[in-house]
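Trainee: I have a structure I would like to understand better, so I am pasting it below and will then ask my questions one at a time.
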Amino acid sequence: MKELFLLRGLPGAGKTTLAKSIGGVFIEADLFFEYEGKYEFDASKLKDAHAWCQNAVKVWTKNGVEKIVVSNTFTQTWEMDYYFELAEKYGYRVYSLIVENRHGGVNEHGVLEEKLVQMKNRFEISL
């Protein structure tokens with residue numbers, strides 16, 4: 001069975017760690033900002049980062065990769081719509097998992113506290 005995992009949560013929650021433990025191919029928009037092992041975030045390129053992430057998943061789903069894991073904040077449910085559409089088109093079972101920081105995880109990318117509060121306040125959950 002082909003599976004697509006969408007991991008959601010605030011920075012520092014442990015999304016990347018969980019994604020790597022699930023196995024399969026893994027991607028997140030933050031990888032777009034890694035250059036020679038260094039993370040260099042540029043807010044002006046955020047749309048490009050998400051387009052890059054979506055394109056990789058499109059290629060993988062078209063090619064029938066068995067297990068795909070996408071780890072992004074996905075604070076609003078519409079941000080996952082593209083992935084849901086790909087899953088339906090290519091026959092994937094989707095798991096949307098919210099990762100909470102219950103282990104004292106560290107915000108490795110230095111997202112400012114005020115931004116974290118904004119993200120937390122707009123976080124949507126649809127059950």
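Condition check ((1) at pLDDT below 95; (2) open to solvent by 50 Å² or more (accessible area, probe 1.4 Å); (3) farther than 23 Å from Leu112 by Cα; (4) in contact with a helix residue (DSSP H, G or I) (Cβ under 8 Å, 6 or more places away or on another chain)) across all residues:
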position: Ile22; (1), (2), (3), (4): no, no, yes, no
position: Phe26; (1), (2), (3), (4): no, no, yes, yes
position: Ala29; (1), (2), (3), (4): no, no, no, yes
position: Val59; (1), (2), (3), (4): no, yes, yes, no
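Trainee: Right, Tyr35: open to solvent by 30 Å² or more (accessible area, probe 1.4 Å) and in contact (Cβ under 8 Å) with a residue 24 or more places away in the chain or not? Break it down into steps so the answer makes sense when it comes.
Mentor: Details: open to solvent by 30 Å² or more (accessible area, probe 1.4 Å): yes; in contact (Cβ under 8 Å) with a residue 24 or more places away in the chain: no.
No.
Trainee: Can you name the residue in the stretch 94-113 that is touching a residue at least 12 places away in the same chain (Cβ under 8 Å) and acidic (Asp, Glu) and is also least open to solvent (accessible area, probe 1.4 Å) among such residues?
Mentor: Once the filter is applied, the top-ranked residue is Glu100.
Trainee: Failed condition for Gly64, given (1) at pLDDT below 95; (2) out of contact with any Phe, Trp or Tyr (no Cβ under 6 Å at 6 or more places or on another chain), with all others met?
Mentor: With (1) at pLDDT below 95; (2) out of contact with any Phe, Trp or Tyr (no Cβ under 6 Å at 6 or more places or on another chain) applied to Gly64, the lone miss is (1).
Trainee: Confirm whether Leu116 is open to solvent by less than 60 Å² (accessible area, probe 1.4 Å), over 24 Å from Phe41 (Cβ atoms) and among the aliphatic types (A, V, I, L, M).
Mentor: Values: open to solvent by less than 60 Å² (accessible area, probe 1.4 Å): yes; over 24 Å from Phe41 (Cβ atoms): no; among the aliphatic types (A, V, I, L, M): yes.
Considered against the rule, which asks whether it is open to solvent by less than 60 Å² (accessible area, probe 1.4 Å), over 24 Å from Phe41 (Cβ atoms) and among the aliphatic types (A, V, I, L, M), Leu116 comes out as no.
Trainee: Using the structure shown, decide if Thr75 is without any contact (Cβ under 8 Å) to a residue 60 or more places away in the chain and among the polar types (S, T, N, Q). Spell out how you get there, then give the answer.
Mentor: Numbers: without any contact (Cβ under 8 Å) to a residue 60 or more places away in the chain: no; among the polar types (S, T, N, Q): yes.
No, not satisfied.
Trainee: A further question follows. Please count how many residues of the stretch 27-48 are among the hydrophobic types (A, V, I, L, M, F, W, C) and either farther than 16 Å from Thr16 by Cα or touching a Gly at 6+ places or on another chain (Cβ under 8 Å) (or both).
Mentor: Start the filter on the stretch 27-48 by keeping residues that are among the hydrophobic types (A, V, I, L, M, F, W, C), which leaves 27, 29, 31-33, 41, 43, 46.
Checking the rest, the ones that are also either farther than 16 Å from Thr16 by Cα or touching a Gly at 6+ places or on another chain (Cβ under 8 Å) (or both) come to 41, 43, 46.
Qualifying residue count, the stretch 27-48: 3.
The values are calculated or read from the model by the stated rules, or taken from the named source; none is laboratory data. Remember, predicted model here, so these are calculated numbers, not experimental data. As a convention, Cβ positions derive from the backbone with ideal geometry for all residues, glycine included, and neighbour counts pool all protein chains shown. With ligands, DNA and RNA removed, areas are computed over all heavy atoms of the protein, side chains included. Shrake-Rupley method; radii C 1.70, N 1.55, O 1.52, S 1.80 Å.
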